[in-house]
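To keep things clear, I will list the structure first and then write my remarks on it.
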C-alpha cells in the first residue's frame, strides 16, 4: 500500500536531519580579515586592512584603516620611508578593486540566527548596515551585498508582508546589473524562490506547485532543491493532497539533510500532513501518533526555531506527557531485558525514527520514491531562506 510505503520512509527522515550552526566562534571573529585592495594585490601598499565597520565600540589597531560609511571613504595613517610621522591617506570606495572578507561579519551571523529563530524584525535591523555598507561595492569581487540582501529577503519572507517583499524584490531585480556577474544567477534563483513562497501564502497553490516542479527540473543546487521541496509540500498541503505533501516534506531530510535550515520546517510540515492523512481508513497506521512524535522531536531537537514554537501550540501537554510515558515504559522494558545493564549504556528514548509503535515492519534502508535522483552532495555554506508550511488548510 502506497500510504504504508511512505509512512515507512518517514521513520528514517529524522535520523539524517542536521542543522547548520548559526554563529561563528569568537576566536574566528577575532582573527577575521577585512581587506580593501586598491590596485595590484602584490603591492602591500594597496592592501588596506579595515577595522570592523559594524562594531561601534571597535578601535582601529595600528596600521588599520577606518571606513567612513556615510562619506564612502577609507582613512588610514601611513608612515612613509625615512619618516617618523604618519600621514593621513584617504581613498574612496569607488577606488576599491577587490575585497577580502575572510568570514561573515558578526552582525550578519546574528541576523541569520535571528531569522532561524523567527525574529524577523530583529534580523532586518541587524542586516541593514551591512547592506548599506556594500551597496556601492556590488561590482567589486568579494563583496557581501548579495549575502546581506538574501538575509533581508529571508526576514521579509518571515514577516509575510507581501507588499514589502514585492518592493524589495523589485529593488533586487533592478540592481542585478550592479552585481558582479558570478552572483547574478544566485540572486535570480533567490528571487524566484521568494515569489513561489508568496504564491503559496496567497493561496495560489496550483501555480506554486507547477512552477516549483519546473524549477526542480532546472536546478542542481541542494539548497535550492531543498527549498523547492518545502514549497512543493506547502502547496500540496494547501490543496489537501496530504500524502503527496508528506512525501515532499520527507524528501528534504532524506535527500537534503545537509541543508539543515530546512529540516525544522519539513518536520513541522510532515507532522501536519500526517494529521491530515489521519482518516478512519488509515486508523491502523496510527498516523496521529506519528505526527505527535514529529512535533515532539522538533521541539526537543530545534527548540530555538520558529517552527518549534508553532509545534508547541499544536502538541498539547497531554500529548507530550503521553509520549514521555511511552519512552519511560520502553526504557524500563529494555532495562528489564538486560539491554542497559552490565555497564552498557541504556537505549535512548524513542524518536520518530525509532518508535516501534509508530510504524511496524520498517525496512532497513530508506526506499527511493519513483522519479527520485541520486542525492546530490551538499556544498558547504549553501544558503536559502526558511519557509514554514501554511498555517491553515485551504484550497486554491
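Checking each residue in the range 287-301 for being buried (at least 18 other Cβ atoms within 10 Å of the Cβ) and at pLDDT below 90 picks out only 289. Residues in the range 208-231 that are over 16 Å from the mean Cα position of the chain (by Cα) and in contact (Cβ under 8 Å) with a residue 24 or more places away in the chain: 208, 209, 219, 220. Given the conditions (1) without any contact (Cβ under 8 Å) to a residue 60 or more places away in the chain; (2) closer than 20 Å to residue 159 by Cβ, report the number of the one that residue 130 does not fulfil. Going through (1) without any contact (Cβ under 8 Å) to a residue 60 or more places away in the chain; (2) closer than 20 Å to residue 159 by Cβ one by one, residue 130 breaks only (1).
Using the structure shown, decide if residue 327 is out of contact with any helix residue (DSSP H, G or I) (no Cβ under 9 Å at 6 or more places or on another chain), surrounded by 13 or more Cβ atoms within 10 Å (Cβ to Cβ), modelled with pLDDT of 50 or more and part of a helix (DSSP H, G or I). Judged against the criteria, residue 327 is a match.
Which residues, taken from the range 132-146, are out of contact with any helix residue (DSSP H, G or I) (no Cβ under 6 Å at 6 or more places or on another chain) and either in a helix (DSSP H, G or I) or closer than 21 Å to residue 305 by Cβ (or both)? Hits for the range 132-146 are 132, 133.
Entry remark, the range 302-319: residues being under 21 Å from residue 263 (Cα atoms) and crowded, with 17+ Cβ neighbours inside 10 Å number 8 in total.
Quick one: would you say residue 274 is more than 24 Å from residue 156 (Cβ to Cβ) and either in contact with a helix residue (DSSP H, G or I) (Cβ under 6 Å, 6 or more places away or on another chain) or crowded, with 19+ Cβ neighbours inside 10 Å (or both)? Yes.
The values are calculated or read from the model by the stated rules, or taken from the named source; none is laboratory data. This one's a predicted model, so the numbers in the text were calculated from it and none came from an experiment. Here the Cβ is made from the backbone with ideal geometry for all residues, glycine too, and neighbour counts use every protein chain on show.
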